[in-house]
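What follows is a short report on a single structure.
The values are calculated or read from the model by the stated rules, or taken from the named source; none is laboratory data. If you're wondering where the values come from, they're calculated on a predicted model, not measured in any experiment. Every residue, glycine as well, gets a Cβ built from its backbone with ideal geometry; the counts of neighbours run over all protein chains shown.
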Amino acid sequence: MEQNLRVPGPTPLPSEVREAQARPMINHRGPEFGQMQHAIADGIASLIGTSGEVLLLTGSGSGALEAAIVNSLSPGDRVLAVTIGAFGDRFADIGAAFGADVERLAFDWGTAADPDALRAHLADAAPYRAVLLTHNETSTGVTNPIRELAAVVRGAPGDPLVIVDGISGLGAVAFEMDGWGIDLVVSASQKAWMGSPGIAIASLSERAWRANAAARMPRYYWDLALARTWAAKGQTPWTPAVSVLYGLEVGVRRLLAEGREWTWARHAAVASGVQAGLEALGFRLVAAPADRSHTVTAAWLSDGLDWATFNAAMRQRGLVVAGGQGAWSGKILRFGHMGEVGYDEMADAFGIMGDVLSVDGDAAAAAGRAAYEASLAPVPAR
Ligand SMILES: Cc1ncc(COP(=O)(O)O)c(C=O)c1O
């Protein structure tokens, strides 16, 4: 039985991606590799709104977070980590692990960071070298107002670097690296990019490259200046995950063909459908409407609904969703909808959930579809 994989990454792969990944190996120091690397990097650059270069490194998203830290900071640097959930905390922990003087500005889980509160904090505190932000907090299903937050940081004393974990939002949710003054952003292949896990994605502004030249945190595998030198030659410093790149090339090509505004609108519409469908099943959503993510939706497990039992029954019927992380383990479910998503897979999932919960899953699927279609309707046809 094929699973309906509704975790927030890895995401289901289009068959075209899977077929590409089965291609024969090539020399990673040969011309074919260079062409592929350029095609992927240039495609991602245009999708995230930067005229700068995009680096492709072999590793997971957490590796990309580590790369962001060690390539821009020195031990003892004052860093503000704006955290709204488990991944914001992880970013802060990585900074601390490499010797940054990390302060946290934590907002309640399930809410977005408030730009006014950030402004007030920055006005009162000694200058920071960098501010760490999360674009889309996968642990709580919340998207931050990253444009507003970045604007606040860029006007703050000391003009801190704006460093963004864009792992589960980039590609699917509006993002303008250059236009919004972002200095460094990272992502990972297994999210909206429709690739398998294994490729970390990073892009740096000119300001971030200058910071990189002065940064003294220890780095070797994740040396982005080295990666940049090799990328100019169409190569990577170390042997890359070639097969994952084959698939990622297809994923990026599909996103480019769709057009990023359309991709963003599709994700918004699917998210509306998921929100309405889960509510029709009787779930209460975690985030307030304005904060809700377009790539992952979190809902409270109602009293008496045991996660392990509920999850096992869904899995038995081929539906795989994610549970809560950390303090929210056993309290919420998380439903992923990024990458290759339309509404039909969501409708199937609601049918299964209705069956498990003994409520009308078809009615929930229909409610979700109506919300999806209403959200999609205003999008101009291509
Ligand atoms: C926002 C965010 N940051 C970081 C990570 C960590 O990425 P990885 O699991 O690929 O190391 C994830 C993974 O879900 C994420 O969603």
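Annotations for the structure displayed:
- Subset of the range 150-179 [within 20 Å of Ala120 (Cα to Cα) and not in a strand (DSSP E or B)]: Ala150, Ala151, Val152, Val153, Arg154, Gly155, Ala156, Pro157, Gly158, Asp159, Pro160
- Residue match in the range 136-151 (condition: of a type in the set (D, E, K, R) and closer than 19 Å to Ser62 by Cα): yes
- Helices (runs of 4 or more DSSP H) contained in the range 244-357 and holding at least 3 residues of a type in the set (Val, Ile, Thr): 260-280
- Residues (under 16 Å from Val164 (Cα atoms) and touching a Pro at 6+ places or on another chain (Cβ under 8 Å)) located in the range 23-78: Ser60, Val70
- Restricting the range 95-138 to residues that are in a helix (DSSP H, G or I) and of a type in the set (D, E, K, R) leaves a set whose member that is farthest from Trp180 (Cα to Cα) is Asp124.
- Some residue of the range 26-40 being farther than 27 Å from Arg260 by Cα, of a type in the set (A, V, I, L, M), assigned by TED's automatic domain parsing to the domain that holds Val244 and touching a strand residue (DSSP E or B) at 6+ places or on another chain (Cβ under 9 Å): no
- Single match in Ser203, Ser196 (criterion: polar (S, T, N, Q) and in a strand (DSSP E or B)): Ser203
- Within the span defined as the range 94-108, one or more residues are crowded, with 20+ Cβ neighbours inside 10 Å, in contact with a His (Cβ under 6 Å, 6 or more places away or on another chain) and modelled with pLDDT of 95 or more.
- Residue selected from the range 236-295 under the condition touching a His at 6+ places or on another chain (Cβ under 8 Å) and β-branched (Val, Ile, Thr), by the criterion nearest to His38 (Cα to Cα): Thr236
- The residues listed here are Ala92, Ala41; of these, the one that is touching a residue at least 12 places away in the same chain (Cβ under 8 Å), in contact with a Leu (Cβ under 8 Å, 6 or more places away or on another chain), part of a helix (DSSP H, G or I) and more than 16 Å from the ligand (Cβ to nearest atom) is Ala41.
- Residue that is farthest from the ligand (Cβ to nearest atom) [pool: residues in the range 64-89 that are small (Gly, Ala, Ser) and either surrounded by 24 or more Cβ atoms within 10 Å (Cβ to Cβ) or under 14 Å from the mean Cα position of the chain (by Cα) (or both)]: Ser72
- Annotation note: of Ala188, Ala151, Ala130, the sole residue that is touching a Gly at 6+ places or on another chain (Cβ under 9 Å), among the hydrophobic types (A, V, I, L, M, F, W, C) and within 15 Å of the ligand (Cβ to nearest atom) is Ala188.
- So Ala215, is it among the aliphatic types (A, V, I, L, M) and in contact with a helix residue (DSSP H, G or I) (Cβ under 6 Å, 6 or more places away or on another chain): no
- If you check Val274, Val252 for being crowded, with 21+ Cβ neighbours inside 10 Å and in the same structural domain as Ala364 (by TED's automatic domain parsing), only one passes: Val274.
- Residue match in the range 278-294 (condition: in contact with a Lys or Arg (Cβ under 9 Å, 6 or more places away or on another chain) and of a type in the set (S, T, N, Q)): no
- Criterion: within 12 Å of the ligand (Cβ to nearest atom) and either assigned by TED's automatic domain parsing to the domain that holds Asp114 or not aliphatic (A, V, I, L, M) (or both) - qualifying residue of Ile182, Ile167, Ile163: Ile167
- Condition check for Gly234: touching a helix residue (DSSP H, G or I) at 6+ places or on another chain (Cβ under 9 Å), on the phi > 0 side of the Ramachandran plot and more than 13 Å from the ligand (Cβ to nearest atom): yes
- Exactly one residue out of Gly158, Gly198, Gly166 is under 30 Å from Leu5 (Cβ atoms) and surrounded by fewer than 23 Cβ atoms within 10 Å (Cβ to Cβ), and it is Gly198.
- Residue list for the range 227-243, filter: assigned to a helix (DSSP H, G or I) and under 25 Å from the mean Cα position of the chain (by Cα): Ala227, Arg228, Ala231, Val242, Ser243
- Residues that are surrounded by fewer than 13 Cβ atoms within 10 Å (Cβ to Cβ) and among the hydrophobic types (A, V, I, L, M, F, W, C) were ranked within the range 15-39; the one that is farthest from Val250 (Cα to Cα) is Met25.
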